[in-house]
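What follows is a short report on a single structure.
The values are calculated or read from the model by the stated rules, or taken from the named source; none is laboratory data. The structure displayed is predicted, hence computed values, not measured ones. Quick reminder, even Gly has a Cβ in these numbers, built from the backbone with ideal geometry, and neighbours come from all protein chains shown. Heavy atoms of the whole protein, side chains included, go into the accessibility calculation; ligands, DNA and RNA do not. Shrake-Rupley method; radii C 1.70, N 1.55, O 1.52, S 1.80 Å.
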Amino acid sequence: MSPELEAAALFLERFGSKAPIVVQAPGRVSLIGGHTDYNEGFVLPMAIDRRTVIAARPRTDRIVAVSSSDFPDTRFDLGSLERGTGWAEYLKGVAWSMGADSLPGWEGVIVSTVPLGASLSSSAALEVATALTFATLTGQEWDPVEAAVMSSRAEVDWVGVSSGIMDQLISACGLADHAVLIDCRDLTQTPAPVPSDVSVVVLDTGTRRQLTESNYNQRRDECAEAARGFGVASLRDLEMPEVDNPPHGISDVAIRRARHIVGENQRTLAAAAAMHAGDPARLGSLISQAHISLRDNFEVSSPALDAIVEAAQASPGCLAASMTGAGFAGCAIAIVEETAIDSFIRNTEERYRAMTEHTPSLFTCRAASGASVVTTR
Ligand code: GLA
């Protein structure tokens, strides 16, 4: 059953009437462009057909009351928002960043098919779906870029995770059959068609992040320090010859972080060009190079991610594999020839099981459009 139908059915069961509003916002994979977003660089994510659905109806008071298929029920008052802990913080954060004073209460159910904490942006999908629920209830015009910026503000300034803009932006702005090249300096977007004879396969290592936030924030700090060391406002402004001839006294870590970001920006632009040229082999080679740089220069991979990437690369039909998202655990992706999908999945799972004690989960995904209203009456 689709998550839309499931949410609508749960709503009916719980409230005894049809949900007047159903919205969805997708998770994402990042094909290439790892950790470049907060360095004002280029990213190439695609929204996927795993999504978070909210079925809701307005209330006459200022209470938001929600049941979820993944979490305990939650309830808060828009008139007295207070920081707390738990998944409701994402909803509260969005309400706060949209201006809670002008928002009405609502009640509803949330169903998500985005695996949690797996680097597929389950939190961005929840934030953007929440923003769209509020926008629909108030009849506000939906500006996806503005909604992404507000959702990102919720995550950074309310929830307290210093992530970049990529996840919210692609969840709001995704395009069917396309990845989107985003310039994170000015948020301009250029669609890049996914080649028709390949599939993107999500490779879930079965590991989940621990201490990710502190590792992630540490990388952000290291990039800021590297930019200072090289005398640029942001690593976006650096060129490879400068990385090859670093100023005296700059740390080895700073040089490696800078090498990753500068190389990754070049690879990401080249990958978008390869997609436009319909050249999956070139795209694949760039994505595999990205994994090596994320592993060695940026040090955000993990033994499980490296193992599943290696297992994928040794399996039939594989054009590329790389970790995706923040790293440290969770998912990698592979670009696989359409005709080889079944044997690719079987082979990769077998190899990975032989290499680690974790249980993998592999599934193909399609590039999906961004957040949308599914039904309103
Ligand atoms: C997480 C963050 C993004 C981005 C990626 C790494 O998904 O939320 O902003 O930095 O990691 O590319």
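A few points about this structure:
- The charge dipole of the chain, taken about the Cα centre with unit charges on the Cβ atoms of Lys, Arg (+1) and Asp, Glu (-1), comes to about 540 debye, rounded to the nearest 20.
- Taken one residue at a time, the phi angles of the stretch 121-137 give Karplus couplings (6.51, -1.76, 1.60, θ = phi - 60°) of 6, 4, 6, 5, 4, 5, 4, 5, 5, 5, 4, 5, 4, 4, 4, 5, 4 Hz. Gly and Pro are set to x.
- Look at where the Cα atoms of the stretch 95-158 and of the stretch 13-74 average out, and the two centres are 7 Å apart.
- With Cα atoms, 0 to 90° folded angle of helix 88-98 axis to the chain main axis: 90 degrees
- Whole-percent carbon and sulfur share, accessible surface of the chain, 1.4 Å: 49 percent
- Local electrostatic count at ALA131 - Lys and Arg +1, Asp and Glu -1, tallied over other residues with Cβ under 12 Å: -3
- Whether the stretch 1-112 is rounded, prolate or oblate, judged on the alpha carbon gyration tensor where a/c under 1.5 counts as rounded: oblate
- Net charge dipole size for the stretch 193-365 [Lys, Arg +1 and Asp, Glu -1 on Cβ; Debye, nearest 20]: 240 debye
- Neighbours of GLU225 by Cβ distance under 14 Å: Lys/Arg scored +1, Asp/Glu scored -1, total +2.
- Between the stretch 310-348 and the stretch 265-309, the alpha-carbon center distance in angstrom: 12 Å
- Solvent-accessible area per residue for the stretch 145-255 (1.4 angstrom probe, square angstrom): 45 Å²
- 1.4 Å probe accessible area per residue over the stretch 1-95, in Å²: 39 Å²
- Computed with a 1.4 Å probe over protein heavy atoms only, the accessible surface of the stretch 304-377 comes to 42 Å² per residue.
- Degrees separating the helix 212-230 axis from the principal Cα axis of the chain, which is the longest one: 50 degrees
- Rounded to the nearest whole angstrom, the semi-axes of the ellipsoid equivalent to the stretch 193-365, taken from the Cα gyration tensor as √(5λ), stand at 31, 20, 11, largest first.
- Local net charge near LEU44, Cβ-Cβ under 14 Å (Lys/Arg +1, Asp/Glu -1): -1
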